[in-house]
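Novice: What follows is a single structure, and I will ask about it in a moment.
The values are calculated or read from the model by the stated rules, or taken from the named source; none is laboratory data. All values reported here derive from a predicted model rather than from experimental measurement. Note: ideal-geometry Cβ built from the backbone for every residue, glycine included; neighbour counts use all protein chains shown.
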Amino acid sequence: MTNVILHPLQLNELEALIYNQCKKAFAEMKAPPAPNKDEIVTIEDAAKILHLTTPTIYGLVHKKLIPSMKRRGRLYFNRIELENWITSSRRMTSDELRQSTIASLNRA
């Protein structure tokens, strides 16, 4: 058993201590654990990551449009590859297109 030392506190000091401890506890509860970026995920997890349904994921795999792995009849996905797949189809904004066109014309 540990020794308990009591120290007289003013009411506002006690309130501040309780407030800070509660704030710290709530912050820890709200913060979700950071996902392991290089983790292998199931099709259900891939559907959540991509905000798609599992039948849509199956269709993309069948058409070989999405990076996947298959082991013992089950599909698996690498989280980094999924994120790269999403960002690889990024469209340029009109300003980016304009700047790219000007840069190409200046090189010619």
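Novice: Out of the range 68-105, which residues are farther than 30 Å from I40 by Cα, surrounded by 10 or more Cβ atoms within 10 Å (Cβ to Cβ) and among the acidic types (D, E)?
Specialist: E96
Novice: Within the range 68-108, how many residues turn out to be closer than 18 Å to T54 by Cα and aliphatic (A, V, I, L, M)?
Specialist: Qualifying residue count for the region: 4.
Novice: I'd like the full set of residues that are modelled with pLDDT of 95 or more and among the acidic types (D, E), limited to the range 56-82.
Specialist: Result: no residue meets the conditions.
Novice: Given the residues T87, T93, T53, T101, which is the only one that is modelled with pLDDT of 95 or more, at negative phi and polar (S, T, N, Q)?
Specialist: None of the other options fit; the residue is T53.
Novice: Within the range 25-43, restricting attention to residues that are of a type outside the set (F, W, Y), surrounded by 10 or more Cβ atoms within 10 Å (Cβ to Cβ) and in a helix (DSSP H, G or I), which residue is modelled with the highest pLDDT?
Specialist: If we take residues in the range 25-43 being of a type outside the set (F, W, Y), surrounded by 10 or more Cβ atoms within 10 Å (Cβ to Cβ) and in a helix (DSSP H, G or I), then I43 is modelled with the highest pLDDT.
Novice: Okay, next question. In the range 55-67, what count of residues is obtained for those that are more than 19 Å from the chain's Cα centre (by Cα), under 22 Å from T87 (Cβ atoms) and surrounded by 10 or more Cβ atoms within 10 Å (Cβ to Cβ)?
Specialist: 5
Novice: I've got another one for you. Of (1) part of a strand (DSSP E or B); (2) more than 29 Å from E39 (Cα to Cα), S100 satisfies all except one. Which?
Specialist: Exception for S100: condition (1).
Novice: Suppose we filter the range 60-97 for residues that are farther than 15 Å from E39 by Cβ and in a helix (DSSP H, G or I); how many remain?
Specialist: 11
Novice: Which residue pairs have Cβ atoms under 7 Å apart, sit 6 or more places apart or on different chains, and have a first residue in the range 80-108 that is of a type outside the set (S, T, N, Q) and a second that is surrounded by 11 or more Cβ atoms within 10 Å (Cβ to Cβ) and modelled with pLDDT of 85 or more?
Specialist: Matching pairs, first to second residue: E81/P67; L82/A46; L82/I49; L82/L50; W85/I66; W85/P67; I86/L50; M92/S100.
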